[in-house]
Amino acid sequence: MGAMKLLPLGALVAAGLFFGACAREAAVHEGVLLTAFRQAGQEGVLLNEPLVMHFSAELDPASVTRASARVVDEAGRSIAGHFEVHEAQLVFHPRLAMRSDLSDGGLRPGERVNVELLGYPAPSGIRSRSGTLLAQSFQTSFRVVSEQRVQFLDESPDRAAPLVLESYEVGTSEPLQLTCDEPLDPRSLSSDAFELKRFRAGPPPGGNGEGSGWFEMIPLEAVLIANSKEGARIELRAMDDTDGALRPRTLEPGEYHLWVHEGAAAPLDLGGHPVRSAWALSQLPATLTVVVRADEGGSRVHREEFLSRALRSPAEVPGVDGTATWDGTGVVTVRLPMAAGDGTAGDVLLAGDSTPLRAARGDLHAASLLVPAGVRLDLSDLDGLVVLRAQGSLRVDGDLFRSVEEGLAARDPDEAWGGWYGRSGKFDVPKRTAPIGYAGVGGLQDWIEAAKLRGESWTVLVAGGDLFIDGSVTVDGPLLLAAGGRMRFSGDVEAREILTVGDGGGVSVNPAPRRADLGFQRPVSNPLTAPLRVGVLSAPFRPGGGDLRWRSALVGARPGAGSVDLRFLGERPGPDGHIETVGPVEDASLLDRCDAIRLWIELEIGPGKSWDPPMVDFVDLRWIEEAGQ
């Protein structure tokens, strides 16, 4: 079967959504129908407008993944946000921006956005709770509102919710936290709206020595650290500008007054309404007390620099094409082997027929590749080197079989191949058909080309993302498995010998795999035909001590030609004694009463001219110990 293409979305007609004639034919069968999607083909979709899709049956939430439901820009990069399933509705909530230039939001002004839903015949498509596939794959697009006055949907159009000071007592190195029960327009946030003063006795500096007291003005930096439909959070950080450059400072213990101005500098909600402080009616400032926390010593900081693979969690990130590279070199990044190919065959489903491989002369270049469960794919009719490549994920859920040797009739059908090879006198098989390396060859791609020229009978599986074998791979010749992400062999893998390149592992592998002395060659230019999204989780970080209050983390990252999405998971003891997971959240300070924190990192890069993958260099986790309060 060739590449599976998403079809253009038709127009809204009558009582529902009718999908008309398409430029390319696609298989359709009776299944779940998309009955309505209001934003299809629209111009001027608001920046925080939920995308609501209605279906003819209740959906299985587990079938909605980053592979089956995608919202992407014109370059194929995923739009930041999250999906929610509400019975027969699928809702995408785009991420609200926190920067004043709106660059970190999910939807950006004026851009065209594509919505793609995967359906029949892809087994990984959207399904109903009864297991029925979406009847057909669909694609539509819309245009985001351009620069104009109304760009946001305001769910409280009458007035703005007030700003509330989270605590009237703060530590010397803690920022002041203001919360609002609705999201804010990040373009309206200005440090000039906030004023912090402290009364000091005696004459002011530089005065004539007279006066009983004066007010010290303390510069504040206002940063929007959370912004969603649930509300917003502003962090006010005390700064020092004695040398003309603003730098963070600690506050002396004592009493301070906080003003929130209501003039032109006042923050606005999404409907343009000025946001007032909760104490504005008193026409007095908020009085707060700065204290030295018991055992605080300022904020504690742990810098994670990704220098140890032991701090990487073995858990898989759901809905991605592969595992991000965290190999102890000091960064988390995307590792795409040149040997993963050019992806020209698109998304390939090998359903029991080796025709696509024969047409590709034994070297298939896919964007993603799947041998589905229940399928037996026999490649015995192919001679020489056989290579199955995928730029994204490569999965063998069914059975892949290949026989390249002679005399196999002597093997009992119920006998494992590895055991049959090991019995002396049954068949004289050398340890390997040829040395894994050739003169002048050090990389996997060069080795594949050299093995072709030599007529080797290796079977090679290469994934740019993850390589998973949950079914079986049975080869009487040599087998080489490689992945830029993770390899997992939970099914049966048998071959004359098995060599791996990358992170291998698993069970039911006979004989035990050995590492090939080959490296991954980087692409010279960007070969991707579809976006590649990879992810990784960290192990839990537990500072210990008393009660913790997490602060916003500092992240050192470079998006390159892609994007970086870093979130945080919290862990805390549940009422039944089990560990309870909180999140993921975009700001670590939102993890309430969590004694451990984990990093959830996702990186994405799409097709382009240059290979400049995103990377994360460090994350500073910050917290305050509140023991003794």
Condition met for SER282 (more than 21 Å from the chain's Cα centre (by Cα), in the same structural domain as SER173 (by TED's automatic domain parsing) and without any contact (Cβ under 8 Å) to a residue 24 or more places away in the chain): yes
Subset of segment 161-171 [within 33 Å of the chain's Cα centre (by Cα) and in a loop (DSSP other than H, G, I, E, B)]: ALA161, GLU166
Where ARG598 falls short, out of the listed (1) in a strand (DSSP E or B); (2) of a type outside the set (A, V, I, L, M, F, W, C); (3) over 19 Å from PRO543 (Cα atoms): (3)
Hey, GLY485 modelled with pLDDT of 85 or more, part of a loop (DSSP other than H, G, I, E, B) and either closer than 29 Å to ARG309 by Cβ or of a type in the set (Val, Ile, Thr) (or both) or not: no
Any hit, segment 263-270, residues being outside the structural domain of GLU182 (by TED's automatic domain parsing), in contact with a strand residue (DSSP E or B) (Cβ under 7 Å, 6 or more places away or on another chain) and buried (at least 19 other Cβ atoms within 10 Å of the Cβ): no
In segment 556-578, the residues that are assigned to a strand (DSSP E or B) and surrounded by fewer than 15 Cβ atoms within 10 Å (Cβ to Cβ): GLY556, ARG558, PRO573
Hits in segment 544-598 - residues which are more than 21 Å from the chain's Cα centre (by Cα) and not charged (D, E, K, R): GLY544, GLY545, GLY546, LEU548, TRP550, PRO573, GLY574, PRO575, GLY577, HIS578, ILE579, CYS594
Close pairs from segment 513-524: first assigned to a loop (DSSP other than H, G, I, E, B), partner polar (S, T, N, Q), Cβ under 6 Å, at least 6 apart: PRO513/THR500; GLN521/GLN445
Segment 220-256: number of residues that are surrounded by fewer than 16 Cβ atoms within 10 Å (Cβ to Cβ) and either modelled with pLDDT of 90 or more or assigned to a strand (DSSP E or B) (or both): 7
Flag for LEU349 being under 28 Å from the mean Cα position of the chain (by Cα) and modelled with pLDDT of 90 or more: no
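The values are calculated or read from the model by the stated rules, or taken from the named source; none is laboratory data. All values reported here derive from a predicted model rather than from experimental measurement. Note that we place each Cβ from the backbone using ideal geometry, even for glycine, and neighbour counts take in every protein chain shown.
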